[in-house]
Amino acid sequence: MNTIISKIKENTLLSVLVALFLGVFVFITSKYLASWTTPFVEELLNLNYYTRNIIFKFYILILSVIMIWFVNDKSFTNYGFVRAKNISYPKMTLVSIGIILASMIIGGIIFVGILRNYFPSENNKVFPSQSILQMILIVWIWSSITEEFLSRGLVQGFMDHLKNKKVIGLSISVIFSGLFFGAMHLSLFNTMSYWFAGMIVSNATVVGLLAAYYREKSGSILPAIYIHILANVVGSAPLLISILMGIEPPSM
């Protein structure tokens, strides 16, 4: 197996394709296993949109770890499971918040402010209602950890050898990891307003690139998880305020 992986990593295109296959395989398999498991859990518990998501993300976490172990000779070396180096968390926090806010504002103007007015969507749904505890535990923490194990652990880790190959200042592994992370959110187009979903996918791609950059810079998955949580906190701020004030979130 080591020989096959080594041969794959000698070719840039093949490395990207295999990383894509691994990521898609884990994502789709997790969806399937969650769809099979959830009905049994619902017989015991009253699940909603967010608690169902726990099951799906659980499979993402487990399968990502298994695939890393499998393709990396039963080791987690070079897949980001180390302490972060060369990182100033205060500076990274300020830079990340600035980029996340800029992405949200620009995405909001383009998708919701402009495109929605010229091309109205019949689907005006937004995220289902949730409690503050669900937001913190499921959206901010659980989703951030599990999704980073897949996108920055497995997918980017498999392409770590491509970090010296740059395109517009970013490595191929950073760019692909960011794009993959954005693509993970495409299913939102089936559940809410197209333009609101487009804004989220756009912002997720920016956050993915940012997390991937710091994952590469630090050699660790920890800053990526931190940025992911930070992005979810910032992105949830309007919804959190509406929950605290008892106001129904506006449709997008």
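Overview of results
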| quantity | calculated |
| --- | --- |
| Cβ-Cβ under 8 Å pairs, at least 6 apart or on other chains, the range 183-194 side assigned to a loop (DSSP other than H, G, I, E, B), far side modelled with pLDDT of 80 or more and β-branched (V, I, T) | H185/I200; H185/V201 |
| Subset tally (residues that are in contact with a helix residue (DSSP H, G or I) (Cβ under 6 Å, 6 or more places away or on another chain), among the polar types (S, T, N, Q) and buried (at least 22 other Cβ atoms within 10 Å of the Cβ)) for the range 179-212 | 1 |
| Output for the range 152-171, where each listed residue is crowded, with 20+ Cβ neighbours inside 10 Å and in contact with a Lys or Arg (Cβ under 7 Å, 6 or more places away or on another chain) | R152, Q156, S171 |
| Yes/no for I100 being in a helix (DSSP H, G or I) and at pLDDT 95 or above | yes |
| Single residue of F81, F76 found to be closer than 30 Å to N2 by Cα, in a loop (DSSP other than H, G, I, E, B), under 21 Å from the mean Cα position of the chain (by Cα) and without any contact (Cβ under 8 Å) to a residue 60 or more places away in the chain | F76 |
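The values are calculated or read from the model by the stated rules, or taken from the named source; none is laboratory data. Note that this is a predicted model, so its numbers are computed, not measured. We place every Cβ from the backbone using ideal geometry, glycine too, and count neighbours over all the protein chains shown.
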